[in-house]
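Asker: Got a structure for you, questions after.
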Amino acid sequence: MQGTVVGRFAPSPSGRMHAGNVFSALMAWLGVRSAGGRMVLRIEDLDPRAQRPEAAQLMLDDLRWLGLDWDEGPYYQSERREVYDEALERLTELGLTYPCFCTRAELHAATAPHALDGTYVYAGACRNLSSVEVARRSISRPPAIRLRVPEADNPVGTISFEDLVYGPQREVLARDCGDFVVRRSDGVYAYQLAVAIDDALMGVTQVVRGRDLLGSVARQMYVQRLLGFDTPTYAHVPLLVDPDGRRLSKRDRDLDLGEIRERDSGPERLLGWLAAAAGLVEEGEMLGADRLVERFSWAKLAGTARRGDVICG
Ligand code: GLU
């Protein structure tokens, strides 16, 4: 890989960090530090409804306690609205956006489930509304804004990339997601747009996150290409799941960093356990983040991922 690796932490401040977030954050940090790169911290606080007061501050404090440091930021997406406004304007100038008035119920009724991330493939009900119709509907309901994707037979809409952990990937936008929302009807910018723009403008070259977001890459790369940005390398990491295959979540209180920090005097037990789960060290080793750097490799993590998600408990 050419040039300095620039990675990022991109937490959403929706609650306290738990072992699942820490696993992704640790892999992102090791990916950067093992390559002598730089880490950017960006708080993804776009959605006012999905936030807990104090959560961002607690996350910064938890990252410090874990020994996962950063070189730049924190940036707050809530302060970057103008940047997204400008990107949307450029996409609109390209003739690629349109207002969508569909309600949630209409979307569910008219669409087929998406295989990768459970979101819906948009069937295009508002794709070709006349300006008169747009004006008429705008009176009763503010629209969301969607970005057009190329027809299925247009090669521009087929996105291929090599994930550092999960290997070669290919998505056909028209078939796998359809035209997607870039700004919601309440005016909040969509995750897909904000992340694509921020990763590009912040010079991020390596995106590491949970494999639940593997299905977002094609949309983010599409936005970046339309705007003439470089696209980063992607590495998705396995999820931590319980023995029934359910993703560990904030409901599992003993994996919450609040609980862990009350119980453990330092992060070594948690980090050692997560590193063993990733296949980087033997089970039972207690190690600080710094000592894991030399034990890290994408090949080891890819070997672990081939066996499926990481079962805990
Ligand atoms: N903010 C997202 C989350 O906390 C992560 C987005 C990303 O890594 O692209 O789940």
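The values are calculated or read from the model by the stated rules, or taken from the named source; none is laboratory data. None of the values given here were measured: they were computed from a predicted structure. No Cβ is skipped: glycine too gets one built from the backbone with ideal geometry, and neighbour counts run over all protein chains shown.
Asker: Taking the conditions exactly as written (assigned to a strand (DSSP E or B) and within 16 Å of the ligand (Cβ to nearest atom)), does ARG49 satisfy them or not? Give the steps one after another, and end with the answer.
Answerer: Numbers: assigned to a strand (DSSP E or B): no; within 16 Å of the ligand (Cβ to nearest atom): yes.
Taking the combined requirement at face value, the residue does not satisfy it.
Asker: Taking the stretch 186-197, which residues are surrounded by fewer than 23 Cβ atoms within 10 Å (Cβ to Cβ) and near the ligand (Cβ under 9 Å from one of its atoms)?
Answerer: Result: TYR191, single match.
Asker: Out of curiosity, is THR97 of a type in the set (S, T, N, Q) and modelled with pLDDT under 95?
Answerer: Details: of a type in the set (S, T, N, Q): yes; modelled with pLDDT under 95: no.
No.
Asker: Now a separate question. Which pairs turn up if I take residues in the stretch 20-49 that are without any contact (Cβ under 8 Å) to a residue 24 or more places away in the chain and look for partners that are of a type outside the set (D, E, K, R) and within 9 Å of the ligand (Cβ to nearest atom) with beta carbon separation below 7 Å, at least 6 apart in sequence or on another chain?
Answerer: ASN21/PRO11
For every residue, the table says whether it meets (1) closer than 30 Å to SER297 by Cβ; (2) of a type in the set (A, V, I, L, M, F, W, C).
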{"position": "SER130", "(1), (2)": "no, no"}
{"position": "ALA135", "(1), (2)": "no, yes"}
{"position": "PRO155", "(1), (2)": "no, no"}
{"position": "ASP163", "(1), (2)": "yes, no"}
{"position": "PHE180", "(1), (2)": "no, yes"}
{"position": "ASP198", "(1), (2)": "yes, no"}
{"position": "ARG211", "(1), (2)": "yes, no"}
{"position": "VAL217", "(1), (2)": "yes, yes"}
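Asker: Among the residues of the stretch 102-118, is there at least one that is within 14 Å of the ligand (Cβ to nearest atom) and either surrounded by fewer than 22 Cβ atoms within 10 Å (Cβ to Cβ) or assigned to a helix (DSSP H, G or I) (or both)?
Answerer: Initial filter on the stretch 102-118 (within 14 Å of the ligand (Cβ to nearest atom)): 117.
Going one step further and asking which of them are either surrounded by fewer than 22 Cβ atoms within 10 Å (Cβ to Cβ) or assigned to a helix (DSSP H, G or I) (or both), we end up with 117.
Within the stretch 102-118, one or more residues are within 14 Å of the ligand (Cβ to nearest atom) and either surrounded by fewer than 22 Cβ atoms within 10 Å (Cβ to Cβ) or assigned to a helix (DSSP H, G or I) (or both).
Asker: Is it the case that ARG80 is within 16 Å of the ligand (Cβ to nearest atom), within 15 Å of the chain's Cα centre (by Cα) and not aliphatic (A, V, I, L, M)? Break it down stepwise before answering.
Answerer: Values: within 16 Å of the ligand (Cβ to nearest atom): yes; within 15 Å of the chain's Cα centre (by Cα): no; not aliphatic (A, V, I, L, M): yes.
So ARG80 fails the test.
Asker: Same structure, new question: Determine, yes or no, whether GLY73 is under 20 Å from the mean Cα position of the chain (by Cα), within 14 Å of the ligand (Cβ to nearest atom) and at positive phi.
Answerer: So GLY73 passes the test.
Asker: Tell me which residues, restricted to the stretch 59-81, are of a type outside the set (Phe, Trp, Tyr), closer than 20 Å to ARG16 by Cβ and part of a loop (DSSP other than H, G, I, E, B).
Answerer: GLY67, LEU68, ASP69 - these are the residues of the stretch 59-81 that are of a type outside the set (Phe, Trp, Tyr), closer than 20 Å to ARG16 by Cβ and part of a loop (DSSP other than H, G, I, E, B).
Asker: Another question about this same structure. Return only the number of the condition from (1) over 16 Å from LEU66 (Cβ atoms); (2) under 23 Å from the mean Cα position of the chain (by Cα); (3) not basic (Lys, Arg) that GLU283 does not satisfy.
Answerer: Every condition holds for GLU283 apart from (2).
Asker: When the residues of the stretch 206-235 are narrowed to those that are among the basic types (Lys, Arg) and within 13 Å of the ligand (Cβ to nearest atom), which ends up farthest from GLY167 (Cα to Cα)? Can you show your working first?
Answerer: First, pick out the residues of the stretch 206-235 that are among the basic types (Lys, Arg): 209, 211, 219, 225.
Retained after the next criterion (residues that are within 13 Å of the ligand (Cβ to nearest atom)): 209, 211, 219.
Working: ARG209: 15, ARG211: 12, ARG219: 18 Å.
Only one residue fits best here, namely ARG219.
Asker: I've got another one for you. Got a sec? Which of GLN220, GLN224 is within 23 Å of TRP70 (Cβ to Cβ), free of Cβ contacts under 8 Å to residues at least 60 places away in the same chain and more than 14 Å from the chain's Cα centre (by Cα)?
Answerer: Testing whether each residue is within 23 Å of TRP70 (Cβ to Cβ), free of Cβ contacts under 8 Å to residues at least 60 places away in the same chain and more than 14 Å from the chain's Cα centre (by Cα) leaves just GLN224.
Asker: Moving to a separate point now. So which of ALA200, ALA125 is under 16 Å from the mean Cα position of the chain (by Cα), surrounded by 14 or more Cβ atoms within 10 Å (Cβ to Cβ) and not β-branched (Val, Ile, Thr)?
Answerer: Working: ALA125 fails: under 16 Å from the mean Cα position of the chain (by Cα).
Step by step, each of ALA200, ALA125 is checked, and only ALA200 is under 16 Å from the mean Cα position of the chain (by Cα), surrounded by 14 or more Cβ atoms within 10 Å (Cβ to Cβ) and not β-branched (Val, Ile, Thr).
Asker: Let me ask something else. Scan the stretch 15-45 for residues that are more than 14 Å from the chain's Cα centre (by Cα), part of a loop (DSSP other than H, G, I, E, B) and within 19 Å of ARG211 (Cβ to Cβ) and report the count.
Answerer: Total meeting the criteria: 1.
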